[in-house]
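Worksheet: one structure, shown below.
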Amino acid sequence: MYKAILFDLDNTLLDYDFSERDAMQRAVEHHRLPEIANFEWDSFRSVFAPINWTYWIERVQRNLTIGDVLYHSFRDTLEQLGHDYRISSTLAKTYWELFCASCHPMEGANELLGKLHGRYRMGIISNGIGEAQRGRLKTGALDHYFDHLFISDEVGYYKPQREIFDTAVRTLGVDHTEVLFVGDSLQDDYHGAAGAGIDFCYYNPLAKRLDESFMPAYMIHSLSELIQMDVQNQWIKRVPLT
Ligand SMILES: [Mg+2]
């Protein structure tokens, strides 16, 4: 049936949220920010997040590198909190190095990849920065499982654009109908796969309610469910609610 299985990376195979928070906490501690009077970690996080998101969204239009995004985000955060922001450049560099070398697999990811490896062509389609995605997979010794990585800043297209899915299918030498794409995002992964005519498996670990307008071929709450479907060769598609 399927000849290739493609995965989203962040919060599907790797715990992005954990890595991001952990790398930032370690960077902040490395530069001894907690020793500054009035420094509060929770405030730092809550101010940083929306600032960083805005720079990240605008980065293509404003032609910003990831280094620029991080530098501006740290600078604006520290300035807004009334702290000395001259440390922003080195703080951004430390954070990025730590993040690129971090790897926290989602529960069941290692076992799943081990079971599928050698039986399917495998790849990643990720919206992100190649240096980070490749570095994190290498840190976790997971990179060898994949024939190809399709990362938006390298491919020049991003999910849900159809082109990044078409590039993956063409490179893997399979037909669209022979590919399963697994991801946790309805916005990027579901719509992208649907637009490209690829079967989508919605990884929904928090069991979020699925609006009836979404009709993924499969929905799983743990990665081990995918192993079961493969082992039993029971690819029984969800019947959409009507
Ligand atoms: Mg994701």
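Considering only the other residues whose Cβ falls under 13 Å of the Cβ of residue 31, what net charge follows from Lys and Arg at +1 and Asp and Glu at -1?
Within the 13 Å Cβ shell, the charges total 0.
Return one number: the angle in degrees, 0 to 90 and rounded to the nearest 10, between the long axis of the Cα atoms of helix 88-100 and the longest principal axis of the Cα atoms of the chain.
30 degrees
Between residue 219 and residue 3, what is the label-to-label distance in nm when each label sits 7 Å out along the Cα-to-Cβ direction?
Spacing of the two 7 Å Cα→Cβ label points: 3.1 nm.
What is the calculated FRET efficiency for residue 80 to residue 30, with r their C-beta to C-beta distance and R₀ = 25 Å, to the nearest 0.05?
0.70
By how many nm would the segment from residue 17 to residue 231 lengthen if fully extended, with 0.36 nm per residue of separation less the alpha-carbon distance?
74.0 nm
Pairs 3/237; 138/208; 3/115: which are spaced more than 22 Å apart, C-alpha to C-alpha?
Long pairs (Cα-Cα over 22 Å): 138/208.
Using θ = phi - 60° and the Karplus relation 6.51 cos²θ - 1.76 cosθ + 1.60, list the HN-Hα couplings for region 11-16 in order, rounded to whole Hz, with x at every Gly or Pro.
6, 10, 9, 10, 7, 4
How big is the C-alpha Rg of region 16-100 next to the rule-of-thumb value 2.2 N^0.38 Å, as a ratio?
That ratio works out to 1.01.
With all pairs of different alpha carbon atoms counted, what Kirkwood hydrodynamic radius in Å does region 123-242 show?
Evaluated on region 123-242, it is 15.2 Å.
Mean residue ellipticity at 222 nm from the helices of the chain, using -39,500 (n - 2.57) per DSSP H segment of n ≥ 4 over the full residue count, to the nearest 500 deg cm²/dmol?
Only helices count here, giving -13500 deg cm²/dmol.
Could you calculate the contour length gain from residue 107 to residue 238, that is, 0.36 nm times the residue separation minus the distance between their Cα atoms, to one decimal place in nm?
Gain on extension, residue 107 to residue 238, equals 44.8 nm.
Add +1 for every Lys or Arg and -1 for every Asp or Glu among the other residues with Cβ under 11 Å from the Cβ of residue 121, and state the total.
0
So what are the radius of gyration and Dmax for the Cα set of region 17-170, in Å?
Considering region 17-170 through its Cα atoms, Rg and Dmax are 17.6, 56 Å.
Of all the Cα-Cα pairs you can form in region 94-134, what percent are over 12 Å apart?
Summing the P(r) tail past 12 Å for region 94-134 gives 70 percent.
Need one word for region 192-240: rounded, prolate or oblate. Basis is the Cα gyration tensor (sqrt eigenvalues a ≥ b ≥ c); a/c below 1.5 gives rounded, then a/b vs b/c decides.
It comes out oblate by the Cα gyration axes.
Taken together, the values in this text are just the output of simple stated rules run on the coordinates, not laboratory data. This structure is a prediction, so every number in the text was calculated from the model and none was measured. Please note: Cβ atoms are built from the backbone with ideal geometry, for glycine as well, and neighbour counts cover all protein chains shown.
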